[in-house]
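Asks: Before I ask anything, let me first share the structure, which is written out below as structure tokens.
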Amino acid sequence: MMGFFRRRKKKYISLVLLLCLIILLLAGCWDRTEVNDLAIILATGVDQSKKEEIELSVQVFIPKPAESGQQEGVSSGNNSSQTLVRSAKGVTIADAMSRLQEKLTRRIFWGQNEVLIIGEKLAEKGIGDHIDFWMGHTEPRERADVFVSMDSAKEVLESMPELERDSAKQLRKLVDSQIGVKVTVKSLSEMLTGDAGAAVIPWVAKMSPSNLAVNKGKNIPFIKGAAVLRGDKMVGRLSDKETRGILWPRNEAKSGIITISLKDEKAFVSLNLLRSHNQLIPKISNGNWSIKVKTDADLEVIQNTTSLNLLNLKSSKKLKRMVVQVIEERERLALSKAQKKMNADIFGFAAAFQRDYPGTWKKKKNEWSEIFRKVDVTFETKVNIRRTGLSNEKAKKGGRER
Amino acid sequence: MNYFKHRKSKGYRFPSQQITETLSKLPNIPINLGLNQNIQILKSAYTDCSDVVFREFTIGARTKAALIYIDGLSNTQEIDQQVLMPLVQLESFDPETSIENVSKKLAVSDVLVINTITDVIKQISIGNPVILINNKIKGISIGLPKWEKRGIEDPVAESVIRGPREGFVETLRVNTSLLRRKIRHPALKMKQMTIGKFTETQVIIAYIEGIASNTLIKEVTNRLERIEIDGILESGYIEEMIEDDPFSPFPQVLSTERPDVAASSLLEGRVVILIDGTPFTLIAPCTFASLLQAPEDYYNRFLISTFIRWLRYLFFFIALLAPSAYVAILTYHQEMVPSSLLLTIAQSREQIPFPALIEAFIMEITFEALREAGIRLPKQVGAAVSIVGALVIGQAATTAGLVSSAMVMVVAITGVASFLLPRYAAGISIRMLRFPIMILSGILGLLGVMLGIIAIVVHLCTIRSFGVPYLNSMAPLKIHNLKDVLIRAPWWAMNTRPESTSIELGNLQRQPHDQKPGPSKGGD
């Protein structure tokens, strides 16, 4: 009899355990979504609409199945229907998004959104509140790239690049090439909340397509310089050349080609940047705030149309001096514009001072925008030319004589 | 279980029990003085057995004798020449001659004097003819068995590129000889026992004295002796009867049909169980790591073996987790997929009516069915099945809109991965475990996959095989033993045996240290 009870008890316990396991499983499935039910958003644009409203535009991927795989190569040129752009208005992004959802049959899925484009008008009005959505919502990627567009963001989304699948991919690949600035939602939010209170964002302009006859009216977005933000408002723009200049102090100049013209000769030397390291060395003495931009760069000569023999130590030194000059000139150009005109500390001077003079910084923090204007900037640039390439001086001379 | 116990306690008897009881009366009967009486008893035991031959003859013209054997199990030609001829042709035979002296007259190497009727039956049944002589209380069993046997062939399920090409066969004696040819030292012991009331299957426990621990040998012997079964037709019967955890999906006894694998296990201090009638021998204890070790690992150079072993580990996880990870990521964690890939998957999934989980189930079950069909179907039909199978889980399924092409890829790689496991039994258990993990992943996403993995790891940690932890050398961690798990150490560095099996004797040293080869230094 006892054995019988014990067996009953054992059965009972195992039943309870089984129930516990099943209860665990009951908690599942609540957020299950098939890929078929998702509207995968590739890029987002935010524009200023009339009144106090904003307009949220999204580029949604159309998962049209490939046509039986046979003529893929032929049809790839005509990718006009791979994506669609929808927009909705609202007082905040979240509000606009809920309106947008009404227009879409599938659930809006931010998880693959890699590009955020902000219209110029909105950027001038302030973007801080909108960036908050990207940081607060769980789905959007914080590593999405941010751009400011010359036209409305919607227009950029609707444009059709020739080489890439869609404009989102086009823009993303452009910033990844490391020639201009690359700003993600996360770094933008860091820049805006940081002590410097300024940011640069790549500027999107449009160019006409290569084949005008076929693709008439379809513009292709590309990156042309950068927009400068102070606080969370856009205060001005930097040209392509000036943007290159701000890369040096920001320690972001990692690749690129520098072409130098000689004064006494109408010929050029082009150098490829191999590696560079930049450092900001702040100094406060007698209330004078100054900063030294220290640059250390390695380059290689890739084209030399001058009569300069680079194997010669003297001409090599001369070339080095000129490279230093060019780099510093670029830095100065960008600096003068950002410092004097826009008064936006986009170089990270604030952080440098804060690191080296934490005590002073605490006291003077609130006066920074005043101080920044007066910061004395000096440059110390060191350049190494690693490779000069094969010197084919004779061949060139012979060619000229003929 | 309980059901049967109840029936038994109420006095119910299985018919087979009644028969065995009548047979069990026999051992008490010694061989009688009267030959006719003996033959009577034997004939009654072998009623309706047309294959049993009673050949009566006279020795020295007066003394009656009988030769009893089973037709087809004994070498009749040899019996005629070496046994009957000399006995029948004897001109005078002293009836007082002891049976031992008679046996000395026979020109046969294997002769045994037996005392009881049961012994007679036992000897006849294994193919040894028995001679009974009138007025003698003993009989002679002559070791002249002969039956049809299969030749030694390349083991089909465990083929290698480099390594011996011989495999065990169905005949026990051939198998022991194969082992003995590999390990000639007299320390190789082979204890024999008989299991199975009707089959009376001969089972041999082989081990190397001085390497295998005594407790292990004792434990294996005990477990084998405990078995009470009416028949053993394959080693699988015994495997299930001696396992530690019968409900575990993982095999706790290794089986092999390769003599070299059996020999290497013996050298590591394991016990090999050879069973008559099957080419598959059992090896105990078995650890998880040994499921992933292929015989060829030890024949190829160690760098290659280590690489292949790691490849196997990787594909072990793919075989277990690939479909569930795919389902989990695609239904819960779409942001984890690289953008371009997700877009391609979304394209291919667009017209699929099923959720990813169902899709995965359809494909996995189809694959398992095709695999099973491929084994069972006769060779002539096999080709047709493989063609149809390729269509079913290939392009046709995708075009029909039943499954996405990404899913086909996942199933295909999983299918290949499960065959990378060198032990078929291990591959099967992995394939089986795939399904519960797939369900978990469909319900809880990657969290479910993790839960599944945790459950499996916990289970693996709890089971033991003949006293050895299943995850031995990994958990409990024995860094020294990882030389044959993480890598396959070169033979000149494989200086100790695995600790699990031979530690008791302190006989771990396999070979001396410092045997790393190289050119001789200096000198002439």
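Asks: When B:D94, B:D154, A:D298 are ordered from fewest to most other Cβ atoms inside 10 Å of their Cβ, what list results?
Replies: So the residues, fewest neighbours to most, are B:D94, B:D154, A:D298.
Asks: Spelling out what I want: for every residue of the range B:371-385, take phi, set θ = phi - 60°, compute 6.51 cos²θ - 1.76 cosθ + 1.60 (Karplus), and round to whole Hz; glycine and proline get x.
Replies: Taking θ as phi minus 60°, the curve returns 5, 5, 4, x, 6, 6, 5, x, 4, 5, 8, x, 4, 4, 5 Hz for the range B:371-385.
Asks: Could you put A:E55, B:E153 in order, starting from the residue whose Cβ has the fewest other Cβ atoms within 10 Å?
Replies: With the fewest neighbours first, A:E55, B:E153 line up as B:E153, A:E55.
Asks: Would you mind checking which residues have amide H under 5 Å from B:T496's amide H? H placed 1.01 Å from N; only 5 or more apart, or other chain.
Replies: B:R510
Asks: Holding the Cα-Cα limit at 19 Å, pick out from A:K233/A:K283; A:K50/A:K125; B:K104/B:K191; A:K121/A:K224 the pairs that are longer than that.
Replies: Exceeds cut-off: A:K233/A:K283; B:K104/B:K191.
Asks: At R0 = 30 Å, how high is the FRET efficiency between B:Q509 and B:S125 if r is their beta carbon distance? Nearest 0.05 is fine.
Replies: Here the calculated transfer efficiency is 0.10.
Asks: Out of all DSSP beta bridges with both ends in the protein assembly as shown, state the antiparallel percent to the nearest 5.
Replies: So the antiparallel bridges in the protein assembly as shown amount to around 80 percent.
Asks: Using a Förster distance of 60 angstrom, determine the FRET efficiency expected from the C-beta separation of A:R106 and A:N288, and round it to 0.05.
Replies: Between A:R106 and A:N288 the formula returns 0.50.
Asks: Considering only chain A, what is the antiparallel percent among its DSSP beta bridges, to the nearest 5? Mind showing how you got there, number by number?
Replies: Numbers: 51 of 76 bridges.
Close to 65 percent.
Asks: OK, next. Under 12 Å from a label point 7 Å along Cα→Cβ of B:F247: give me every residue in the range A:16-49 with its amide N that close.
Replies: A:17-18
Asks: Hey, rough spin-label estimate for B:A373 and A:D240, points 7 angstrom out along Cα→Cβ, what's it come to in nanometres?
Replies: 6.3 nm
Asks: For B:F280, what residues show an amide H to amide H distance below 5 Å, using hydrogens built from the backbone and excluding near sequence neighbours?
Replies: Residues meeting the criterion, in which the H sits 1.01 Å from N, are B:S235.
Asks: Right, something else. Just need the relative contact order of the range A:109-183 here, percent rounded to a whole number, with Cα pairs under 8 Å and 6+ apart.
Replies: About 35 percent, as a whole number.
Asks: Just to be sure I understand: if I project the alpha-carbon convex hull of the protein assembly as shown onto a plane and average over all orientations, what area do I get in nm²?
Replies: 67.5 nm²
Asks: Residue by residue, what Karplus-based ³J(HN,Hα) values in Hz, rounded to whole numbers, does the range B:57-72 have, using 6.51, -1.76 and 1.60 with θ = phi - 60° and x for Gly and Pro?
Replies: Listing the rounded values in order: 8, 10, 9, x, 6, 10, 6, 7, 8, 9, 10, 10, 7, 9, 5, x Hz.
Asks: Does anything in the range B:238-252 have its amide N under 13 Å from the 7 Å Cα→Cβ label point of B:T462, and if so which residues?
Replies: Only B:245-249 fall inside the zone, counting backbone N under 13 Å.
Asks: Exposure proxy check: A:D264, B:D297 ranked by fewest other beta carbons within 10 Å?
Replies: Least to most surrounded, the residues fall as A:D264, B:D297.
Asks: Could you work out the relative contact order of chain B? I mean the mean sequence separation of Cα pairs under 8 Å and 6+ apart, divided by the number of residues, in percent. Intermediate results must be reported in sequence, preceding the final value.
Replies: Numbers: 786 pairs, mean separation 64.4, N = 524.
It comes to 12 percent, rounded to a whole number.
Asks: Using the Karplus curve 6.51 cos²θ - 1.76 cosθ + 1.60 with θ = phi - 60°, work out ³J(HN,Hα) for each residue of the range A:183-200 in order, rounded to whole Hz, and write x for Gly and Pro.
Replies: Per residue, the Karplus-derived 3J(HN,Hα) values read 10, 9, 4, 5, 5, 4, 5, 5, 5, 6, 8, x, 5, 5, x, 9, 8, 10 Hz.
Asks: What nm distance separates the two modelled labels at B:Q395 and A:R250, each placed 7 Å from Cα along Cα→Cβ?
Replies: It is 5.1 nm.
Asks: Report the full-extension gain for the segment B:V416 to B:A61: residue separation times 0.36 nm, less the Cα-Cα distance, to one decimal in nm.
Replies: Stretched out fully, the B:V416 to B:A61 stretch lengthens by 120.5 nm.
Asks: State, as an integer percentage, the relative contact order of chain A based on alpha-carbon contacts under 8 Å between residues 6 or more apart.
Replies: On the way: 725 pairs, mean separation 47.6, N = 402.
Relative CO of chain A lands at 12 percent.
Since every read-out is calculated from the coordinates, none of them should be taken as a lab result. Here the structure is a predicted model, which means the values were calculated and not measured. As a convention, Cβ positions derive from the backbone with ideal geometry for all residues, glycine included, and neighbour counts pool all protein chains shown.
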